[in-house]
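Novice: The structure follows.
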Amino acid sequence: MNGIHDLGGMHGFGPVEREENEPVFHADWERVMVAIQRDTWTRGVFTLDEFRHGIERMAPARYLEATYYERWLEGITRLLLEKGVIAAEELHERETFFAEHSEAPATAPIATPLPPTRPRLPREQISSIRPQTALPRFALGDAVLTRHDAPPGHTRLPRYARGKRGVIARYHGVHVFPDTNAHGLGEQPQPLYSVRFAGEELWGANAEPGQVVYLDLWESYLEPANEQR
């Protein structure tokens, strides 16, 4: 996606500060977010691509100031509201309750029976791999150019790699297409490739000598390098 949420990142925000002996979680609520994400995803409340796009729709300033799991919290909350799992009024009541009773257990404000639990999806539905129904367009060693457009929604093609020349390094089979699956437009599976890019192609003279980057890219992101656009 374009904007502050682009998965390739941006320059100008300083170095990445690494915390010495950083724990997996900094607070117990972060563990809860992982449990909520995995449970709602594997029960089909939303897809993995919808989950990612839910985070991408955060306001840019809020996205920059939020921690990793705060982004998860906002993205999942947005999806649960949109899909009618929780109501805005219910959410407001719960937030008000816990603001006044911060030590109360999670079930404290629940006065009515919980709805039936959804069954978990079969493993093959959780996986993004789908059967191959046609031959892939590209073969190992083919030179390709990435698409150079500005999609308005979710995409897994980083902005820094658009309009760049690479080489097919591996074929991963057919996978769910995130650009449609994130928007409720269906899985529309297509071939997925690992594409090798020279650092100079991506970053010019700023690239380190001999630097190479591999990106997993769907077939519709690519075209033969010798075709004119």
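Novice: Kindly provide the set of residues from the range 17-66 that are over 30 Å from Glu187 (Cα atoms) and of a type in the set (Val, Ile, Thr), ordered by number.
Specialist: Val24
Novice: May I pose another question? Being in contact with a Pro (Cβ under 6 Å, 6 or more places away or on another chain) and either surrounded by 13 or more Cβ atoms within 10 Å (Cβ to Cβ) or over 30 Å from Gly44 (Cα atoms) (or both): is that true of Val213 here?
Specialist: Working: in contact with a Pro (Cβ under 6 Å, 6 or more places away or on another chain): no; either surrounded by 13 or more Cβ atoms within 10 Å (Cβ to Cβ) or over 30 Å from Gly44 (Cα atoms) (or both): yes.
For Val213, the condition - in contact with a Pro (Cβ under 6 Å, 6 or more places away or on another chain) and either surrounded by 13 or more Cβ atoms within 10 Å (Cβ to Cβ) or over 30 Å from Gly44 (Cα atoms) (or both) - is not met.
Novice: Among Tyr160, Tyr221, Tyr193, Tyr214, which is the only one that is of a type outside the set (A, V, I, L, M, F, W, C), touching a Gly at 6+ places or on another chain (Cβ under 7 Å) and touching a residue at least 40 places away in the same chain (Cβ under 8 Å)? Let's see the steps before the verdict.
Specialist: On the way: Tyr221 fails: touching a Gly at 6+ places or on another chain (Cβ under 7 Å); Tyr193 fails: touching a Gly at 6+ places or on another chain (Cβ under 7 Å); Tyr214 fails: touching a Gly at 6+ places or on another chain (Cβ under 7 Å).
Tyr160 is the lone residue from the list that is of a type outside the set (A, V, I, L, M, F, W, C), touching a Gly at 6+ places or on another chain (Cβ under 7 Å) and touching a residue at least 40 places away in the same chain (Cβ under 8 Å).
Yes/no per residue for (1) of a type in the set (A, V, I, L, M, F, W, C); (2) touching a helix residue (DSSP H, G or I) at 6+ places or on another chain (Cβ under 6 Å); (3) closer than 30 Å to Asp179 by Cβ:
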| residue | (1), (2), (3) |
| --- | --- |
| Phe13 | yes, no, yes |
| Gly54 | no, yes, yes |
| Arg62 | no, no, yes |
| Gly84 | no, no, yes |
| Arg94 | no, no, no |
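Novice: How many residues are crowded, with 20+ Cβ neighbours inside 10 Å and either closer than 21 Å to Met10 by Cβ or of a type in the set (A, V, I, L, M, F, W, C) (or both) when one looks only at the range 180-201?
Specialist: Matching residues across the range 180-201 total 4.
Novice: Mind checking which pairs have a first residue in the range 96-118 that is of a type in the set (S, T, N, Q) and a second that is assigned to a loop (DSSP other than H, G, I, E, B), Cβ under 9 Å, 6 or more apart or different chains?
Specialist: Correct list of pairs: Thr107/Leu114; Thr117/Arg43.
Novice: State the number of residues belonging to the range 181-225 that are under 12 Å from Thr146 (Cα atoms), over 17 Å from the mean Cα position of the chain (by Cα) and aliphatic (A, V, I, L, M).
Specialist: 4
Novice: Tell me the residue from Phe138, Phe98 that is in the same structural domain as Arg196 (by TED's automatic domain parsing), out of contact with any Pro (no Cβ under 7 Å at 6 or more places or on another chain) and surrounded by 12 or more Cβ atoms within 10 Å (Cβ to Cβ), please.
Specialist: On the way: Phe98 fails: in the same structural domain as Arg196 (by TED's automatic domain parsing).
One residue alone meets the criteria, Phe138.
The values are calculated or read from the model by the stated rules, or taken from the named source; none is laboratory data. All values derive from a computational prediction rather than experimental measurement. As a convention, Cβ positions derive from the backbone with ideal geometry for all residues, glycine included, and neighbour counts pool all protein chains shown.
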